[in-house]
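Undergrad: Dropping the structure in here first, questions after.
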Amino acid sequence: AKTAAANGIDPAQLATFALSFCDVILLNIWAADLGRYEAAGYGTLTQLFAQSLLLFPPEPNAAQKKTLLLVALRDYDEDAPVAAHEAALSDDLAALWGSIPKPAAHANTPIEALFTVEV
């Protein structure tokens, strides 16, 4: 995201481009960066969430195309339970999803309506 911004590419444009043809988005995060907005690339991820809601608004009772958000945690402490990292990531994603503006019709739409998250 920093490199894209340095090259004059807007994160919203990058998110729209990725969502337009990707079935899988790989989020590569250092375990130590979980919870750190800039270091973990959460700014770009927030844009991705916002753009996905605009491009693919969830429709009730319809088969919805979901994007797989595959999270690779690097350099995590193997002595720490993976569930602790997953819980921290889940909390972060919920907070990011809650922070994006949503149309009234989708104010209570959960992230799972558009994304399947795997760690």
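The values are calculated or read from the model by the stated rules, or taken from the named source; none is laboratory data. Keep in mind the model is a prediction, meaning the values are calculated, not measured. When we count neighbours, we look across all protein chains shown, and the Cβ atoms used for this are built from the backbone with ideal geometry, even at glycine. Quick note on the areas: whole protein, heavy atoms, side chains included, nothing else; ligands and nucleic acids left out. Shrake-Rupley method; radii C 1.70, N 1.55, O 1.52, S 1.80 Å.
Undergrad: Let me spell it out: the conditions are (1) modelled with pLDDT under 75; (2) open to solvent by less than 30 Å² (accessible area, probe 1.4 Å); (3) not β-branched (Val, Ile, Thr), and Phe49 meets all of them except one. Which number is the exception?
TA: Among (1) modelled with pLDDT under 75; (2) open to solvent by less than 30 Å² (accessible area, probe 1.4 Å); (3) not β-branched (Val, Ile, Thr), the lone unmet condition for Phe49 is (1).
The rows are residues; the columns are (1) surrounded by 11 or more Cβ atoms within 10 Å (Cβ to Cβ); (2) modelled with pLDDT of 90 or more; (3) over 16 Å from Ile25 (Cβ atoms); (4) touching a Gly at 6+ places or on another chain (Cβ under 6 Å).
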position	(1), (2), (3), (4)
Ala87	yes, no, yes, no
Ser99	yes, yes, yes, no
Lys102	yes, no, yes, no
Ala107	no, no, yes, no
Thr116	yes, yes, no, no
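Undergrad: Moving to a separate point now. Can you pull out every residue in the stretch 56-81 that is open to solvent by less than 80 Å² (accessible area, probe 1.4 Å) and either under 21 Å from Ala104 (Cα atoms) or of a type in the set (Val, Ile, Thr) (or both)?
TA: Answer for the stretch 56-81, where residues must be open to solvent by less than 80 Å² (accessible area, probe 1.4 Å) and either under 21 Å from Ala104 (Cα atoms) or of a type in the set (Val, Ile, Thr) (or both): Phe56, Pro57, Pro58, Ala62, Gln64, Thr67, Val71.
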